[in-house]
Every structure is written in C-alpha cells, then in structure tokens.
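FYI, it's all coordinate maths here, none of it is from the lab. Since the structure is predicted, the reported quantities are computational estimates derived from the model, not experimental observations. All Cβ positions, even for glycine, are placed from backbone atoms using ideal geometry, and neighbour counts span all protein chains on display.
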Amino acid sequence: MKLYPLLKHRFYILSIICLTMFSCKENEKQDLETSSESAIDYTAKVYPLLDTENSRWFFFSSANRPFGMVNLSPDTQIGGAWGSGYRFKTDTIKGFSHIHAWQMSGVSVMPVTVSEENKSNIFKDFYSKFNHDNEEITPGFHSLELERYQIETKLTSTKRVGLHQYTFPENQNAAILFNLNTPLGPCKNSNGFLEQNNKNELSGHLVMERTHRRPKPVTVYFKVKLNTEIEALEKDEETGNYLISLKEDDQDVLMKVGISYTSVENANLNINEELPNWDFDQIVDASKDEWNELLGRIDVKGNNEQAQRRFYTDLWHALQGRRIINDINGAYPDNTGEAFRVGQLPLDANNKPKFNHFNSDSFWGAQWTINTLWGLVYPEIMEDFAHSLMQYYKDGGLVPRGPSGGNYTYVMTGASSTPFMVSAIQKGILKDDLEGVYQALKKNHMLKGIMGKAGYEHNTDLGGGLKYYIENGYVPYPIPDGKFGGHQDGASMTMEYAYQDWTLAQLAKKLNHNDDYNYFMERSNNYKNVFDTESTWMRPKNVAGVWKKDFDPYQAENGFIESNGAQSTWFVPHDLEGLATLMGGNDKAVEKLDEQFKTAEKIGFTAGNSHAQELHPEYSRIPVNYGNQPSMQTAFVFNKLGRNDLSQYWSRAVINKAYSGLSPATGFNGDEDQGLMGSLSVLMKIGLFQMNGGTESNPEYQIGSPIFDEVTIKLNPDYYSNKTFSIKAHNNSDANVYVNKVSLNNAPIGHYSISHQDIIKGGDLILEMSNSSNTK
C-alpha cells in the first residue's frame, strides 16, 4: 500500500510526458500542414520498391528523370522481358544498365576490383551479392553496396546521361566492366564495341537485336567520361566484353555515360549540354526538384500516411516507362522506312526541339488512364506525345499504337492512339494542323491502316479482320484468313474498333466532315452485332454468323483479348445506354454488373497478383479484373446508368482491395504497362474519371468517391488558367464513401459530372460525403 502514492506520482508524470509528446506531434502535424507547398518533398512519399517482386524489364525505375532516355538502375535478373530488371527477392547484382524501355535494353556496366584470384575469370564471374539494408532508393537516386568487392555505388542521371559514383576499397585494383554482349531484358545486346579516346574518355556502341515485337535491330551509341585516368583497356575475345582498369586515386570515381540512338557525337553533345560538371549531389538535387515539380501538381490532404505514400507512388509510375529517344539537338532514329535514317525534329527560335520523340508501349487502355491524367494535370506531356505520334506518321505513314526503336511494333490491337489524339484536341491541347491529324487518324481506321493489324503483325494486315468488320459489321472468330499475329480475338476487336470509330467521329464532327461523321457513327454501333440477347453476354461468332458453341463467358481469351466475355461485355464506353437497352434496360444491366462485382470482390477484383497469373484456372474466371485494361472502367459504368452510388461504393472497394498495398509483393496486381495502372489508381483516388476517354466536345468527367479530404490540382497556365482546382470531400472517411451533395464554387450541381471547361477555370468542387447512398 505504501507504494501507491509513488505509482500514482509516476503515472501523473507519464501522463504529462504523453500529453506533451502528443501536443508536440500535433504541433508538428499543424506545422507540416501549414508549411509552404514548396517545402513539401513529394519524392519522400514515393515507395520505389512497390511490386518489385513481380516487375518486368521496364517497370522498375530509380536513378532516372521523368521519361528519361537514360533509365539507370541495378539489374538482378537479365533474361527475358518478363521477370527481369530489378527483382526484389533476387540478392545478386548483375550490372547497372542504362536502358530499361519497351523492347529495348543496353549499356550494362559493373564496377569491380581485380585480384590475382579473380582476374582470369572476371569477364564471366563478376556478379555480386547486395543487401537491402544497405540500399537507398528515391526518385532520381539509387545507392547500394556490392558486397563481393566492398564497393559503395551511387547512381543518378539527367535526361540522357547516367552519372555513377563508386567508392572503391583502399589498396585494391579498381576497374569497370562493360558487359556489352549479353542477353539483357527483352533483347540480346551484340556487336558491342568500346575504344579509348584519351586518358579519361571512351566511346562505343552496341546493337539491340530485333525481337518478336520490335522487328528491326537498333544501335545505341555511348560516350564515357571519368574523373580519373584509365590505366588500361582490355577486351575479352571469348565474351567480346571490355574491362577498364583505373589508376590509383584517393577520390571517389565519377563516371558519366551519355547515350544516343544516332551517333557518338550526339552522345557526347548530350553530356556536354546536360552534365558539364562533376557535382554528383547537385544532380541528385536537380532530379529531386524535377520530380517534385511534377508530383506536386497534385497535393492531397487527409486519409493516412500509407494512403498518401501509395498515391504518390502511383503518380510517379504515371510519369515514366515511356522514354525519350531524341538527342538534345533533336536528332532521332527513324526506322519506319526501308533503311535506317537519322531524323531531325523541328527546332524553335532557340534551336531547341519543339517536342520530344518517344519509345512507348501501347496506348491500349490509355483512354481510361493517361488520357485523363495527362490531359488535365500534365497537358504539356500530352502535347509532346501527340506531336511525336504525328512525327511517326510523317515518317512512316501510320500513327503508331506502340513504337519502339523509332519503328512500329503493332503491339496489341486496334487504333488505340485515336482516343488519345482526339482527347488532346477536344481539351485544346493539340491545336495545329487538325485537318492533317484527322486524315492521319482516318487512314488508321481504313483498310491498309493500323486497325487491320493484329498484335505484332509486321508484314501483313489480315489478322485484324478489318475487312469483315467493315463489310459484315463484326470481326469473326476465328478469322478465316489464318493466324497472322497475336490477339486475333474477334469479339474484343469488334468492340474496340466500334469505340475507336466513335471517337474519330467526334473529331470528324468538330471539323465538319459530316459524311465521315455519319459513316463512323454507324460503324460505332457494330458492337451490337456481337451481343447475344439470349445469353446477355458479348459472344464471338464465326464468319458465317454462327455463335460460338459451348460458349462460356468466364473462359479466358475465348474470343476476348486478355480477358473473358464477362469482363469485356462492358467495353462499350461510348454507348452504355445502348448496351443497357440490349440487356433489357438500365435496372437489369445494373443488377448484372453489381453481381459481377460481388463475385469479383471475393478474390480481390484481380486475376491474381501479377500478369503471369491471369490465365490461372481459378483467377482467370473472375468477372471483373482490375489487374488489366479491358475492364478497368467498370466501376464507373454504374455512373452512366443512373446509379452513381454504386460507382462510389465499388470504386472505393476496388481501391481498398487492389490499389492500397505498399510492399514489394503487391502493387498493381497485373500489367502496369508504363503508367496505365498508376494513372487509373490516381484518378480513382481523386474521384475523377472519363468513361469515353475525354473525346467528346467539352469532355465530361464523372465524379467518383475520393479517398482524401482535399485534392488540389495546380493547373498549367500555359494551357489553362493560372489557378488551382480543388476537390474537397467533407465528412470523408472509410465508411463515408457516398457523395450526397455536389457543388461547384458554392453553386449546387444536380448531377455527378463536371465539364473540362469548368475544371480548367479553377475553383472548388465540394462533395458532401455520407455512409448512406443518395439514389435520387
């Protein structure tokens, strides 16, 4: 009993301490919230290791700038496009390579120490273990220790130049191996060549061999500059690789590697223009500033730390993957013709390129992702890509849907760039030569255009079944002409073409091509020809018009591209009301889709946690898959059918199940495809979506259920007003997912949509959140 006063006294002291700590924490929180926006380090909120257990060659990035030609990072797996690059669970570094792009890889280097024990086999046995505990990764920077050699490595870059800093152990023979002839991600590097130019400079080149998807080889040229002298350059005749030995020096070794797809001279120019100094920390800071400017275009408040970190990681992914291929002077590789040539982008008054040229995975699915995000938040990026797509048309006669190495790859299907280009025009981003753009897009939609080519169909144009689509109103399954490419799934092709035709019709209308408008609008109804009223699913049918026998709407790739019939039935973004009519009315359509979501929720709305699992016997039968593009719009279908509450409910549920994880083991649960899934996640979390990809006049945004209390978008004054647009969700919480009232700048709105013109004027969109739905 005598101890009681003492315990009571201690409890009192602890209470004061806890209250003080809580007060300090609250003050810190208030200080953070009231600090100037310029002081916020958005890069610190990015989690670069997201999904790295499942990543593919171009997925992971660290020491790179937004859309950089150089995307420098360590490789732990180097064989094949899938399961390669930086894989979190592999504990061995196999080199630091400078190119991680769609169907492209190259210029792998490895710092080593040479001893009597390893010098005879250094060209074959040079890999090193590393430990994540001694690793630091932020956007624009990567550091780790090569345990085998005790070398501390740090990496950063400018747009076209990689910068390495190596701290070698004392009294060791420092060297750098150039692994120029090796399988590397999606392609083999061969014909590697390196020569010494003077005491601290080298230059070289290698060939990225052709792949099934990229039909022509591509040469990458590079220039190397060191802050220390080269003692010797040795070539291994068996491997064809090179080792440079460095003279003893007490300072850290710095190495610049500039790349070019046109010449060594331009690789050197890229270094001289972008990285004339040797200040490693300054380049890291400059990279951070560039990332912060783009990430900071959207400022979010509320929810919790993990939600915010995942949001900025998603946004970071939306701003990379697709890569610049032109030099700083505008020279670029053109592989669209019979022979390779060096092209030249148009220059402005300061002799700078008016736009950049890009290597890019497909725009298949871009209508629900980067169309909206880039078009609203990064219009300058959307314009750059639009001009680049038109440059391919001027060079090769077609607007690409996924170019690589300066050439077409015909990745995926359809004319997926059409919605992207039309959206850029309807938002006032692309303004020049609209008639020329229209004619280029129209060519893609006609025979001999890109719409007639199936996936990776390089030499023919029969696999897309376009002649049947035009003549019979649908693409048959199977296509009777034979197998010419990938993804020859007639039902999906029919639906995709119909939507893309509708988007082109909107541009025809804008430019007063009335006959074309009527023609493409008529074609846009072709989706109805693959709807089976008896089963109420989209269903493949053969060239004779006979429905596929023993049809199972849950069987994967059964006439549907990377999906099943249940998922793809809702791919009618331009006419969901018409689709509902085919199903017996809005109520029946809503009931059908709601049941699909209830079923999909049981396994997390995705077909496994990676693209490789989508053909799994169980996962592939999921009726809604948020791990791939074909059904990523489905939560917002309800919005177009008068049930906004269900769009709000299910979009929140998808976010919680599929897009909230923050670990190397999870992330996008499928195929991220260079910013598509990251963009989708961002849009769902801020509560804005565009069902038809923003392709109608004055594009409409559907309002969803934002997960943050406040979202502020900084509008680009070069395109829009010099203001901000804010989305404020009052009474927001995990339970309050429903939007009961909507107002814009204090004026009530009686619907769940907002126009592009209203957003870009700036202002406040106020959403009153509740835990009960408002179905009025």
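Would you work out the charge dipole size for segment 53-295 about its Cα centre, treating the Cβ of every Lys and Arg as +1 and the Cβ of every Asp and Glu as -1, and quote it to the nearest 20 debye?
Numbers: 24 positive and 35 negative charges, 292 e Å.
The dipole of segment 53-295 has a size of about 1400 debye.
Based on the Stokes-Einstein relation at 4 °C and a viscosity of 1.567 mPa s, and on the Kirkwood radius from alpha carbon pairs, segment 53-295 is assigned a translational diffusion coefficient of 73 µm²/s. Under 5 Å from the amide H of ASN197 lie the amide H atoms of LEU202, SER203, each residue being 5 or more positions distant or on a separate chain, with H modelled from the backbone and absent for Pro and chain starts. Each Lys and Arg contributes +1 and each Asp and Glu -1, all at the Cβ; summed about the Cα centre of segment 480-522, the dipole is approximately 140 debye.
Tell me, rounded to the nearest percent, the portion of alpha carbon pairs in segment 504-629 spaced more than 20 Å apart. So the portion of pairs separated by more than 20 Å is 52 percent. Converting phi to 3J(HN,Hα) with the Karplus coefficients 6.51, -1.76 and 1.60 and the offset θ = phi - 60°, segment 744-754 yields 10, 6, 6, 9, x, 10, x, 8, 10, 8, 8 Hz in sequence order, with x at every glycine or proline.
For segment 298-335, the residues whose backbone nitrogen is under 14 Å from a point 7 Å from the Cα of ASN272, taken along Cα to Cβ, are 328-329.
In order along segment 506-515, the phi-based Karplus estimate (6.51 cos²θ - 1.76 cosθ + 1.60, θ = phi - 60°) of 3J(HN,Hα) comes to 5, 6, 4, 5, 4, 9, 6, 8, 5, 5 Hz; Gly and Pro are listed as x. For segment 575-633, applying the loop criterion from DSSP together with a ceiling of 10 other beta carbons within 10 Å to the trypsin sites (Lys or Arg not before Pro) yields LYS602.
With the cut-off at 18 Å, tell me which of the pairs LYS453/LYS510; LYS45/LYS94; LYS188/LYS216; LYS354/LYS431; LYS159/LYS723 have Cα atoms farther apart than that. Mind showing how you got there, number by number?
On the way: LYS453/LYS510 28 Å; LYS45/LYS94 28 Å; LYS188/LYS216 13 Å; LYS354/LYS431 14 Å; LYS159/LYS723 29 Å.
Flagged as over cut-off: LYS453/LYS510; LYS45/LYS94; LYS159/LYS723.
Think of the chain as a dipole: +1 on every Lys or Arg Cβ, -1 on every Asp or Glu Cβ, centred on the Cα centre; then among LEU582, GLN103, PRO553, LEU582 lies furthest on the positive end. Restriction of the GluC sites (Glu not before Pro) in segment 686-718 to DSSP coil positions whose beta-carbon has at most 13 other beta-carbons within 10 angstrom yields no sites. Between segment 628-673 and segment 309-378, the alpha-carbon centres lie 27 Å apart.
Ordering VAL399, THR182, ALA729 by the projection of their Cα atoms onto the charge dipole of the chain, which places +1 on the Cβ of Lys and Arg and -1 on the Cβ of Asp and Glu, puts ALA729 at the extreme positive end. Give the residues of segment 235-274 whose amide nitrogen is closer than 20 Å to a point set 7 Å from the Cα of ASP289 in the direction of its Cβ. Zone members listed by number: 271-274.
Give the relative contact order (percent, whole number) for segment 53-295; include only Cα pairs under 8 Å separated by 6+ residues.
Once divided by the residue count of segment 53-295, the mean separation gives 19 percent.
Here the Karplus relation 6.51 cos²θ - 1.76 cosθ + 1.60, evaluated at θ = phi - 60°, turns the backbone of segment 619-633 into coupling constants of 4, 5, 8, 5, x, 9, 10, 8, x, 8, 6, x, 10, 6, 8 Hz, with x for every Gly and Pro.
Computed over the chain, the per-residue total of -39500 (n - 2.57) for DSSP H runs of n ≥ 4 gives a 222 nm mean residue ellipticity of -8500 deg cm²/dmol, rounded to 500. In a simple Cβ point-charge model (Lys, Arg +1; Asp, Glu -1; nothing else charged), the chain has a dipole of about 1700 debye relative to its Cα centre. Fully extending the segment from GLU248 to ASP764 would add 179.6 nm, taking 0.36 nm per residue of separation and subtracting the current Cα-Cα distance. Cα centroid separation, segment 219-270 to segment 714-747: 51 Å.
By how many nm would the segment from LYS741 to GLU338 lengthen if fully extended, with 0.36 nm per residue of separation less the alpha-carbon distance? Don't skip to the end; give the middle numbers.
Numbers: separation 403, 0.36 × 403 = 145.08 nm, distance 5.95 nm.
The LYS741-GLU338 span can extend by a further 139.1 nm.
A straight chain from TRP547 to LYS301 at 0.36 nm per residue would run longer than the Cα-Cα distance by 83.4 nm.
Mean separation of Cα pairs under 8 Å and 6 or more residues apart, divided by the residue count, gives the chain a relative contact order of 10 percent.
Compute the relative contact order of segment 270-391 as a whole-number percentage, counting only Cα pairs closer than 8 Å that sit 6 or more residues apart in sequence. Please report the intermediate quantities before stating the final value.
On the way: 89 pairs, mean separation 23.0, N = 122.
Result for segment 270-391 is 19 percent.
For ILE40, nonlocal amide neighbours, meaning residues 5 or more places apart or on other chains whose placed amide H falls under 5 Å from its own, do not occur.
In the frame of its principal axes, the chain has Cα extents of 94, 80, 55 Å, reported largest first.
Could you list the trypsin sites (Lys or Arg not before Pro) in segment 344-414 that lie in coil according to DSSP, counting only those with at most 14 other Cβ atoms within 10 Å of their Cβ? It would help to have the intermediate numbers written out before the result.
On the way: sites: LYS354, LYS394, ARG401; in loops: LYS354, ARG401.
Sparse-neighbourhood loop trypsin sites (Lys or Arg not before Pro): LYS354.
The residue among TRP82, SER115, PHE130 whose Cα reaches farthest toward the positive pole of the charge dipole of segment 53-295, with charges on the beta-carbon of Lys, Arg, Asp and Glu, is TRP82. Rounded to the nearest 0.05, the FRET efficiency derived from the C-beta distance between SER755 and THR581 at R0 = 35 Å is 0.85.
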